[in-house]
Amino acid sequence: MKISGWGRYPLVETHLVSPHTEQDLRDHIAKGCIARGNGRAYGDSAVSTATTLHMRRFNRMLGFDAHTGILEAEAGVLLEDIIKVFLPQGWFPWVTPGTKFVTLGGMIAADVHGKNHHINGGMSGTLTWIDVMTADGSIQRLNPDDPYFAVTCGGMGLTGIILRAAIKLRRVETGYIEQRTLPAPNLKVALEMLNAAQGATYSVAWIDCLSKGAALGRALIMLGEHAKHSALHSALHSDPFALKPRRKWTMPMAAPQLLLNQYTARAFNAAYWRAGQRKTEPALTDWDRYFYPLDAILGWNRIYGRHGFLQFQCVLPHKTAEAGLEALLQATSDAGLGAFLAVLKQMGSEAGGISFPSPGLTLAIDFPNNRNSLKLMKCLDQIVLAHEGRFYLAKDARLSAQTLNASDPRMAPFAQMRQITKAGDRFYSAQSRRLKL
Ligand SMILES: Cc1cc2nc3c(=O)[nH]c(=O)nc-3n(C[C@H](O)[C@H](O)[C@H](O)COP(=O)(O)OP(=O)(O)OC[C@H]3O[C@@H](n4cnc5c(N)ncnc54)[C@H](O)[C@@H]3O)c2cc1C
């Protein structure tokens, strides 16, 4: 059958199976495979040209220590389920991506980051151990000081199959976030505001990537803190984790491509900017609306039509960030493609292996999948290289091996390590083949 990542591109012919024992996994490893979590990586990292192992049946929570907040769970457990079980007890994940429909294994394999990377780091920093099935079928318990731990967190499933992990949760008093929105009229001001907000636990900027001239890079900076019990309205005091019912929408089918063009994207961005300017008063928002706004529209990836979409995500070091971001946004705005969503976040220190985050600013932009977008993204690649940035593999569907290696000197030694340990013969995805990892 043919499957894809969240961007619905590329579609890859694979043998998809849902094993449920460790012996099943061992048997598949011998023939070549890649693990798949919930398929939320955008490109082709979670699909193999050989066998793709859907890990959803490894979905048990194994134990929780209420003193330390450490949860032991299997790799196929969804983040959504972790929150549902533990938030009512006053615990929340330290790190969360922008969707709760991801598995523990997928979060570790991509070493995901949230809006608090500059303060709390990435997923790998929240783990006390992981159990990994390696190329010879043996299971190794890896601690954070083990070099194989470092290459597995962020290693995109290419070092082995993550079976279980112990993950630290954080104490929270409520399920609410105190949010502030600050409008920034252009990129320069947006960067100054983000910089001034270094102390905020959560910070993210929505960028109007189609604005031009003096308004290039105008943004809404959204800052957030976990709300204390005393900050809640008295009606919520008895149940500070209660969630107001949230209406769910389902995208019924792939939207016609005509719906998405520079005019609709410009109109949407302008309306979003205006609405954001009216919301500058501090406000309480529940965790679901704050962290996962897109999860309310099930299947929103169909909005880009049957050809799917691509996300471009890079990180630029502080020293080149302003010039690099300006060049990236200028090229995007000039191209005038239907780019709706552009998000800028701060990043803190680097983890090991080939993990993506590094100190600086990370920009992510969605594009409809078509020839013009692919051409533009090649130009964006060159801008990233010229500004010493690197690319996020969890979002990639189309980079070349040459560009990846030019951006990141850690990739060639990683590919070599895979040869030596035989991981390269056993674990491969369409992405790893394309990128010669
Ligand atoms: C709306 C949206 C918002 C997002 N926001 C963010 C964000 O803010 N920050 C961020 O970092 N990412 C973000 N992402 C990306 C997403 O968090 C990652 O791609 C994550 O890896 C997806 O998890 P998954 O379980 O769906 O894994 P999949 O997409 O199925 O797999 C992703 C990778 O993990 C590997 N993998 C999965 N399970 C295992 C396992 N058990 N053992 C070994 N390898 C495994 C796969 O081989 C693949 O390489 C976002 C994605 C979406 C759709």
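The values are calculated or read from the model by the stated rules, or taken from the named source; none is laboratory data. Just so you know, these numbers come straight off a predicted model, no measurement behind them. Backbone-built Cβ (ideal geometry, glycine too); neighbour counts: all protein chains shown.
Of all the criteria given as (1) touching a residue at least 12 places away in the same chain (Cβ under 8 Å); (2) surrounded by fewer than 18 Cβ atoms within 10 Å (Cβ to Cβ); (3) in a strand (DSSP E or B), the one not satisfied by Pro88 is (3).
None of Lys228, Lys188 is in the same structural domain as Pro282 (by TED's automatic domain parsing), under 20 Å from Tyr290 (Cβ atoms) and surrounded by fewer than 17 Cβ atoms within 10 Å (Cβ to Cβ) except Lys228. Here the condition is being farther than 19 Å from Tyr292 by Cβ, aliphatic (A, V, I, L, M) and not assigned by TED's automatic domain parsing to the domain that holds Gly137; of Ala66, Ala35, Ala75, Ala41, it holds for Ala35 alone.
Determine, yes or no, whether Glu22 is among the acidic types (Asp, Glu), assigned by TED's automatic domain parsing to the domain that holds Phe427 and within 14 Å of the ligand (Cβ to nearest atom). For Glu22, the condition - among the acidic types (Asp, Glu), assigned by TED's automatic domain parsing to the domain that holds Phe427 and within 14 Å of the ligand (Cβ to nearest atom) - is met. In summary, Glu322 fulfils each of the numbered conditions (1) more than 16 Å from Asn372 (Cα to Cα); (2) part of a loop (DSSP other than H, G, I, E, B); (3) touching a helix residue (DSSP H, G or I) at 6+ places or on another chain (Cβ under 9 Å) with the single exception of condition (2).
Of all the criteria given as (1) assigned to a loop (DSSP other than H, G, I, E, B); (2) modelled with pLDDT of 85 or more, the one not satisfied by Lys279 is (2).
Residue-level check: of (1) assigned to a loop (DSSP other than H, G, I, E, B); (2) touching a Leu at 6+ places or on another chain (Cβ under 8 Å); (3) not acidic (Asp, Glu), Ser48 misses just (2). Among residues of segment 334-388 being basic (Lys, Arg) and away from the ligand (no atom under 16 Å from the Cβ), the one that is nearest to Gly155 (Cα to Cα) is Lys378. Checked across segment 133-143, the condition of being surrounded by 17 or more Cβ atoms within 10 Å (Cβ to Cβ), within 12 Å of the ligand (Cβ to nearest atom) and more than 21 Å from Gly175 (Cα to Cα) holds for at least one residue. Among the criteria (1) among the basic types (Lys, Arg); (2) more than 16 Å from the ligand (Cβ to nearest atom); (3) surrounded by 20 or more Cβ atoms within 10 Å (Cβ to Cβ), the one Arg266 does not fulfil is (3). Among the residues of segment 421-437, count how many are closer than 13 Å to Met411 by Cβ and within 11 Å of the ligand (Cβ to nearest atom). The total comes to 3. Given Gln330, Gln313, which one is at pLDDT 95 or above, closer than 21 Å to Gly213 by Cβ and not assigned by TED's automatic domain parsing to the domain that holds Cys153? Answer to the check: Gln330. Using the structure shown, decide if Met156 is crowded, with 21+ Cβ neighbours inside 10 Å, in a loop (DSSP other than H, G, I, E, B) and not assigned by TED's automatic domain parsing to the domain that holds Gln313. So Met156 passes the test. Which residues, taken from segment 121-145, are part of a loop (DSSP other than H, G, I, E, B) and within 22 Å of Trp94 (Cα to Cα)? Once the filter is applied, which keeps residues that are part of a loop (DSSP other than H, G, I, E, B) and within 22 Å of Trp94 (Cα to Cα), segment 121-145 yields Gly121, Gly122, Asn143, Pro144, Asp145. For Ser400, the conditions (1) at pLDDT 95 or above; (2) more than 24 Å from Ile119 (Cβ to Cβ); (3) touching a Leu at 6+ places or on another chain (Cβ under 7 Å) are fulfilled apart from (3).
Here Val85, Val77 are screened, and the one residue that is in contact with a helix residue (DSSP H, G or I) (Cβ under 7 Å, 6 or more places away or on another chain) and more than 9 Å from the ligand (Cβ to nearest atom) is Val77.
Taking the criterion of being of a type in the set (A, V, I, L, M, F, W, C), at pLDDT 95 or above and buried (at least 23 other Cβ atoms within 10 Å of the Cβ), the residues of segment 351-376 that qualify are Ile354, Phe356, Leu361, Leu363, Ile365. Is it the case, given these coordinates, that Val102 is near the ligand (Cβ under 8 Å from one of its atoms) and aliphatic (A, V, I, L, M)? For Val102, the condition - near the ligand (Cβ under 8 Å from one of its atoms) and aliphatic (A, V, I, L, M) - is met. Would you mind stating whether Arg170 is within 15 Å of the ligand (Cβ to nearest atom) and among the basic types (Lys, Arg)? When the stated conditions are applied, Arg170 does not pass them.
In summary, Asn301 fulfils each of the numbered conditions (1) out of contact with any strand residue (DSSP E or B) (no Cβ under 6 Å at 6 or more places or on another chain); (2) away from the ligand (no atom under 15 Å from the Cβ) with the single exception of condition (2).
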